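The structure under discussion appears below in the form of structure tokens.
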Amino acid sequence: MSRGLSTSRMPMAVAVYLPEHYPRLLATAEDASDLEATWQEWHQVLQETRQKMAALDMHLIEVMIDLDALEQYCQEQGLKNTSSTRAQYAAHVLSEQLQRQAQLQQRPPLKRPETKKKRRSR
């Protein structure tokens, strides 16, 4: 018997932006007309979405988006800068972060060389 995956166990990436980067996002996004006019409005929508998702027992993980890296990703993948691409990119970045964490946890701890401390006699 197979069990379905619980959405509460699956983290969902959500793209977030610094306030000072938001004007650039508006200037480069294909769907800028669908975005909130200001970062403050966008941030309010993010907070409302976070509350709705929490009520559904869904775990959102904020992924800070580097717009240079996003633009490079769009070019490499042949994609336009749209909400679905930004969501895909945020999921990609989160996946990479989680993989790195898992790799770090699998490494044996570093052994520090033992040094003898000399005590000063007074």
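The values are calculated or read from the model by the stated rules, or taken from the named source; none is laboratory data. These figures come from a predicted structure and were not determined experimentally. In this analysis, Cβ positions are derived from the backbone assuming ideal geometry, glycine residues included, and neighbour counts consider all displayed protein chains. Only protein heavy atoms, including side chains, enter the accessible area calculation; ligands, DNA and RNA are left aside. Shrake-Rupley method; radii C 1.70, N 1.55, O 1.52, S 1.80 Å.
Summed over the residues of the stretch 1-101 and divided among them, the accessible surface reaches 67 Å² per residue at a probe radius of 1.4 Å. Here the simple spin-label model places points 7 Å from the Cα toward Cβ, and for Glu62 and Asp34 these points are separated by 2.3 nm. Full extension of the chain between Glu76 and Glu48 yields a length gain of 6.8 nm, computed as 0.36 nm times the residue separation minus the alpha carbon distance.
Tell me whether the stretch 6-87 comes out rounded, prolate or oblate; compute the Cα gyration tensor, take square roots of the eigenvalues as a ≥ b ≥ c, and use a/c under 1.5 as the rounded threshold. Here the stretch 6-87 falls in the oblate category.
Distances between placed amide hydrogens fall under 5 Å for Ile61 paired with Met12, Ala13, Val14, all partners being 5 or more residues away or on another chain.
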